[in-house]
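Report on the structure given below.
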Amino acid sequence: MSPVLLFLLEVALEPYLPLTPATFAYRTAGGEIMSVELLAVQVEGAPAAVRMGSDRRRRIESFRAEEGLVVHRLGLGRLGGELVYERPLPLLPATMKSGEVHSSQRRFARMRGGHKEDVGAHYVEAELLDVETLTIAEREFPDCLRIRRHETRMDFGGGGESYDATEWYARGVGLVKVQGERREKNDEGEILSTEVIDFWLVSSGEP
């Protein structure tokens, strides 16, 4: 999209973030297949979804008209434990315009086996970079949103994790491509490990 049109455009994200039950398969740059399952649940009587990946990460999320896509709980997969937020953490806003950086932060309790293990804070940023047509394996996705996302999770007891990536979202489908990296850090901010993230959608359908 031309810079002028993109600057004038305000995009509603709800059509790009469907929370209806579905199963997604993504192929990584290393040739592995990664699956994600989306299941319908309710949170405080309102519609929500559980997003479960083959990497054992699990996210309970919902879409709110004023806040956008919010996360209620986050399972950390191989790191163990679950983050329970003081209030739902907005990951992506309800609407986006080019040039605007949306940010939010929430405190969390890190739970394991029903016991509080640590507390910390989770900071996120999102910025709309472009609206473009994306072709993946001969399948064309028109009007995809290309979004820069950043996350920093800090455990007050020491250590944390950061995430920096470009994500593409297709209308009526959701996340179709990601390129970026995730870093694990110690309590002095030194990088312990870096995970390259590079995957794209190969199939999607009902569970």
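Table for the structure above
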read-out	value
Selection within region 21-51 - part of a strand (DSSP E or B) and of a type in the set (D, E, K, R)	Arg27, Glu37, Arg51
Candidate set from region 185-207 (those that are more than 24 Å from Ala49 (Cα to Cα) and either hydroxyl-bearing (Ser, Thr, Tyr) or surrounded by 16 or more Cβ atoms within 10 Å (Cβ to Cβ) (or both)); member that is modelled with the lowest pLDDT	Lys185
Residue among Ala40, Ala25, Ala94 that is free of Cβ contacts under 8 Å to residues at least 40 places away in the same chain and either surrounded by fewer than 16 Cβ atoms within 10 Å (Cβ to Cβ) or in contact with a helix residue (DSSP H, G or I) (Cβ under 9 Å, 6 or more places away or on another chain) (or both)	Ala40
Residues satisfying the stated conditions in region 154-168, i.e. surrounded by fewer than 17 Cβ atoms within 10 Å (Cβ to Cβ) and touching a Cys at 6+ places or on another chain (Cβ under 8 Å)	none
So Arg171, is it touching a helix residue (DSSP H, G or I) at 6+ places or on another chain (Cβ under 6 Å), surrounded by 14 or more Cβ atoms within 10 Å (Cβ to Cβ), charged (D, E, K, R) and in contact (Cβ under 8 Å) with a residue 40 or more places away in the chain	yes
Region 121-134 residues that are of a type in the set (S, T, N, Q), paired with ones that are surrounded by 17 or more Cβ atoms within 10 Å (Cβ to Cβ) (beta carbon under 8 Å, 6 or more apart)	Thr133/Phe141; Thr133/Cys144
Positions within region 44-59 being under 12 Å from His72 (Cβ atoms) and among the acidic types (Asp, Glu), in sequence order	Glu44
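The values are calculated or read from the model by the stated rules, or taken from the named source; none is laboratory data. If you're wondering where the values come from, they're calculated on a predicted model, not measured in any experiment. Using ideal geometry, Cβ is built from the backbone for each residue, glycine included, and neighbour counts are taken over all protein chains shown.
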